[in-house]
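A.B. asks: If you scroll down you'll find the structure; I have some questions about it.
The values are calculated or read from the model by the stated rules, or taken from the named source; none is laboratory data. From a predicted model like this one, the values you see are computed outputs, not experimental measurements. Note that we place each Cβ from the backbone using ideal geometry, even for glycine, and neighbour counts take in every protein chain shown. All accessible areas refer to the heavy atoms of the entire protein, side chains included, with ligands and DNA or RNA removed. Shrake-Rupley method; radii C 1.70, N 1.55, O 1.52, S 1.80 Å.
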Amino acid sequence: MARSGAEAVRAVMSETRCLLLDFDGPICDIFAGLPAPTVADSLRAVLEEAGAQLPPEAHTTNDPLEVFRLSASLSGDLNRLALRTLTELEVKAAGTARSTPGATDLLERARDKEVPVAIVSNNSVAAVAAFLDRQGLSSLVEHIAARAEADPSLMKPNPHLLVQALTHIGAEPSSALLVGDSATDVEASKLAGVIAVGYANKPGKARRLDETGADLIVTSMEELADALAHA
């Protein structure tokens, strides 16, 4: 069972030497201004206009990342079109994304404690960079390990992006944690050997993240910022 509470959070943060953060959720709500269903619809429309015969599942999801995953069953050209289109839509969404309360505080505390930070996201590198630049946070993030290739299998739960971030920073997995709000974040953490911190920002998420195997559950980013400040 996952741990929770101020004492548990402080104990984990006191041992952390590298902080990996998912983007959509822990850092911001990327689709706050441009809703995910709208992005999924736009992505489907572009692919179908290009001649794609989308699988049935692509028409029943509101998750643009899932539409992109399913594009792997299409031709290479259509898969790359999906990558380009989703990236463009995410960059547009980043312009109206809403920052997560406590996220900036956590990044600043990490800087003060000299704990390197990497963003590890299934969203595009370009979208993450655009948001950080808009918010003036780029200098607080050492590396962005995010979607840059057309192959959806490289996204979380594959640990590929976590390994990329750890390698760039030069950190051992056992010294790092990943904060994420989805089962794929927890699964990727387990595969990479880092501590899985579940960010339960919506009702029901704590139970799902716990069942997936999260080591620690928090309900706000402020919990992590406060714990790091006092670690």
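A.B. asks: Tally time: how many residues in region 29-55 are out of contact with any Leu (no Cβ under 8 Å at 6 or more places or on another chain) and buried (at least 17 other Cβ atoms within 10 Å of the Cβ)?
C.D. replies: Counting residues in region 29-55 that are out of contact with any Leu (no Cβ under 8 Å at 6 or more places or on another chain) and buried (at least 17 other Cβ atoms within 10 Å of the Cβ) gives 4.
A.B. asks: If you don't mind, there's one more thing I want to ask. Can you give me the number of residues within region 50-60 that are over 25 Å from the mean Cα position of the chain (by Cα) and more than 11 Å from residue 78 (Cβ to Cβ)?
C.D. replies: Just the residues of region 50-60 that are over 25 Å from the mean Cα position of the chain (by Cα), to begin with: 50-56.
So of that shortlist, the ones also more than 11 Å from residue 78 (Cβ to Cβ) come out as 55-56.
Total satisfying the criteria: 2.
A.B. asks: Separate question: Checking the condition open to solvent by less than 40 Å² (accessible area, probe 1.4 Å), over 13 Å from the mean Cα position of the chain (by Cα) and of a type outside the set (A, V, I, L, M), which residue from 159, 152 passes?
C.D. replies: Just a single option satisfies the conditions, and that option is 152.
A.B. asks: Which of the residues that make up region 56-74 are over 17 Å from residue 42 (Cβ atoms) and either of a type in the set (A, V, I, L, M) or without any contact (Cβ under 8 Å) to a residue 12 or more places away in the chain (or both)?
C.D. replies: Restricting attention to region 56-74, the residues satisfying the condition of being over 17 Å from residue 42 (Cβ atoms) are 56-57, 72-73.
Hits for region 56-74 are 56, 72.
Residues checked against (1) touching a residue at least 24 places away in the same chain (Cβ under 8 Å); (2) open to solvent by less than 30 Å² (accessible area, probe 1.4 Å); (3) hydrophobic (A, V, I, L, M, F, W, C):
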{"site": "79", "(1), (2), (3)": "yes, yes, no"}
{"site": "98", "(1), (2), (3)": "yes, no, no"}
{"site": "107", "(1), (2), (3)": "yes, yes, yes"}
{"site": "112", "(1), (2), (3)": "yes, no, no"}
{"site": "119", "(1), (2), (3)": "yes, yes, yes"}
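A.B. asks: Out of the residues in region 211-222 meeting the condition of being in contact with a Ser or Thr (Cβ under 9 Å, 6 or more places away or on another chain) and in a helix (DSSP H, G or I), tell me which one is surrounded by the fewest Cβ atoms within 10 Å (Cβ to Cβ).
C.D. replies: Residue satisfying both the conditions and the ranking: 212.
A.B. asks: Please give the number of the condition residue 140 fails out of (1) open to solvent by less than 40 Å² (accessible area, probe 1.4 Å); (2) in contact with a Pro (Cβ under 7 Å, 6 or more places away or on another chain).
C.D. replies: (2)
A.B. asks: Select from region 56-77 the residues that are among the polar types (S, T, N, Q) and part of a helix (DSSP H, G or I) and write down the one among them that is least open to solvent (accessible area, probe 1.4 Å).
C.D. replies: 71
A.B. asks: Do you know which residues across region 189-210 are surrounded by 24 or more Cβ atoms within 10 Å (Cβ to Cβ), touching a residue at least 60 places away in the same chain (Cβ under 8 Å) and under 12 Å from residue 178 (Cα atoms)?
C.D. replies: Within region 189-210, 194, 197, 198, 199 meet the criteria.
A.B. asks: Looking for something open to solvent by less than 50 Å² (accessible area, probe 1.4 Å), of a type in the set (Asp, Glu) and part of a helix (DSSP H, G or I) - is there at least one such residue anywhere in region 168-186? It would help to see each step written out before you state the result.
C.D. replies: The initial filter retains those residues of region 168-186 that are open to solvent by less than 50 Å² (accessible area, probe 1.4 Å), namely 169, 171, 173, 175-186.
From what's left, of a type in the set (Asp, Glu): 181, 185.
Narrowing further to those that are part of a helix (DSSP H, G or I): 185.
Within region 168-186 (the criterion being open to solvent by less than 50 Å² (accessible area, probe 1.4 Å), of a type in the set (Asp, Glu) and part of a helix (DSSP H, G or I)), the answer is yes, since at least one residue qualifies.
A.B. asks: Also, I was wondering about something else. Just checking, how many residues over region 1-55 are outside any loop (DSSP other than H, G, I, E, B), among the hydrophobic types (A, V, I, L, M, F, W, C) and touching a residue at least 60 places away in the same chain (Cβ under 8 Å)?
C.D. replies: Looking only at that region, the number is 10.
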